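Read the structure below first, then the notes.
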Amino acid sequence: MDPMRPSVQMRVPPGYNHNSQVPSPAPPQQARRGPGPMIGQPQNSHQQISAAQLAAQHQAALAERELAKRRARKPTDKTIPEGVEEIVPNARVYRELREMERRYDAAIMRKRLDIQDAVNRNVKNQKTMRIFVSNTAKDQPWQVSDRPLDENAFDFDTGQIPTFRVKIEGNLLDDEEGDAAERDPDSDLGLTPKNPNAPVPEKRKFSHFFKSIVVELDRSRDLHPDGNTIEWRKQAPNTQPATSALGLGGPAEFDGFEFERKGDDNIMCTIKLVRDEVPDRFRLSPALADLLDTQEDTRAGIVMKIWEYVRAHGLQDPDERRTINCNPPMRAIFNADRLYFPQIPELTLSHILPLEPITIPYLIRCDVASSMSPQIHDITVYTDDPIRHKMSAIIHSPTYATSLREIQSIDDHIAVLVQAINHSKAKRVFWRAMAEDPAEFVKRWVSSQKRDLDTLCGEAPGRMVEEEDVKRASLWKDKIGESVYLLLAKQRAG
């Protein structure tokens, strides 16, 4: 051994025994103590399912399978077979009732679809709201001039702060015909006598029709730092926790909006009312408004009016009905010779604008105790059609589903009875034919049974098969054998 060569220390692998030369089992590895995330032993997140739960699941699967079998075996035919009317004359009445039921079902379904379409259209009724603006003055200098001054006061101030209060209120105008139609849609037909005690539908209040009310006072901000803009905005439903807890639909509506500010001079103000439309209405561009002969409408209404315009002027392409051949007015608006109708909603976006607020100028007078605007302002508002709520109630009525279940149970019972009638008719035909000519009937019956048996056992050797069946089998035998041979050869090649 070279003394200059460094010694090499041999490392014995763990579990190695020098004496037996047989590796012993390695001790379990210690958990890692170095840096890094500590990973615990994986745990089974799913709890063990007990035997009772397994049995319950098995029983539920068996019940579902049995129910599926029953549904498959359940009779559905409710038509009485031919020939029953000759035996039971009253069977003709059942056939007539079935025909009447089909007509009623078709009429009910058609009316239901019409109601569904009317509910989805969201038709609005136009009504007129009359707006009044007034103000009162309080503690003005001319109102406190008769009050004695304090002789010990340093100045001649009376200690009263002059203020004014402005009130904006609006009410829907009464419409006897419209209110009568809301109470009874058929009131104009005179089918039922008028009931004076019928409940009057609740009218929407002033705040329901507006998103915001802004009042701008025309006076110097330096002299009046408390602000010259008064603003009210409608809160979205269920935004306040207290409102949601009480189960209310949103903040309470009101018929009037009023505010109070300091001042002793006559002030000009501008009232801006932003309408709340559902669905949103938009103002049309001048060119599009002239084309459709309307100033504002919803997006769906705009598309519908364009479609009516296209049909009225015959602009549909005769080959591709969804393509529109633009005339000069439409070409000037959309800058295209041909339009694809599904693109119309997107193309109209550049031609609609938000509605401008309703602007009402008013002079706040502080030189009189109370003042009212010499002008009244009538604006058009849109209310939900009351018939639409009734139609929606009809569609979503819980009694409708109950009635359908009752009708379905009656139909199932009728199908079972019709099946029993079919079986009874088959038995009657069997025994009647046998009674008329027993020998010939038995001969035919045995021949029919033999034919069925030979058809089932035709492939077995030594069986007697009818000659017609043999001819049919020989016709297809060679073709079937060739097809099977080609299929097996293709599978081997693949």
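For region 337-358, taking the residues that are under 16 Å from D290 (Cα atoms) and in a strand (DSSP E or B), the one that is most open to solvent (accessible area, probe 1.4 Å) is identified as L353.
Would you pick out the residues in region 212-243 that are open to solvent by 60 Å² or more (accessible area, probe 1.4 Å), modelled with pLDDT under 80 and not in a loop (DSSP other than H, G, I, E, B)? Passing the criteria: P241, A242. Within region 361-394, the set of residues being crowded, with 16+ Cβ neighbours inside 10 Å and assigned to a loop (DSSP other than H, G, I, E, B) comprises R365, C366, S373, D385. Tallying residues that are outside any helix (DSSP H, G or I) and under 20 Å from S285 (Cβ atoms) within region 316-336 yields 5. Among the residues of region 104-147, those identified as open to solvent by 60 Å² or more (accessible area, probe 1.4 Å), closer than 20 Å to L173 by Cα and either touching a His at 6+ places or on another chain (Cβ under 9 Å) or free of Cβ contacts under 8 Å to residues at least 60 places away in the same chain (or both) are R130, F132.
Mind checking which residues of region 62-82 are open to solvent by less than 100 Å² (accessible area, probe 1.4 Å), within 14 Å of V418 (Cβ to Cβ) and at pLDDT 80 or above? Across region 62-82, the qualifying residues are D77, K78, T79, I80, P81.
The values are calculated or read from the model by the stated rules, or taken from the named source; none is laboratory data. Since we're looking at a predicted model, the values are computed, not measured. Neighbour counts are summed over all protein chains in view; Cβ atoms, including those assigned to glycine, are modelled from backbone coordinates with ideal geometry. For accessibility, only protein heavy atoms count, side chains too; no ligands or nucleic acids. Shrake-Rupley method; radii C 1.70, N 1.55, O 1.52, S 1.80 Å.
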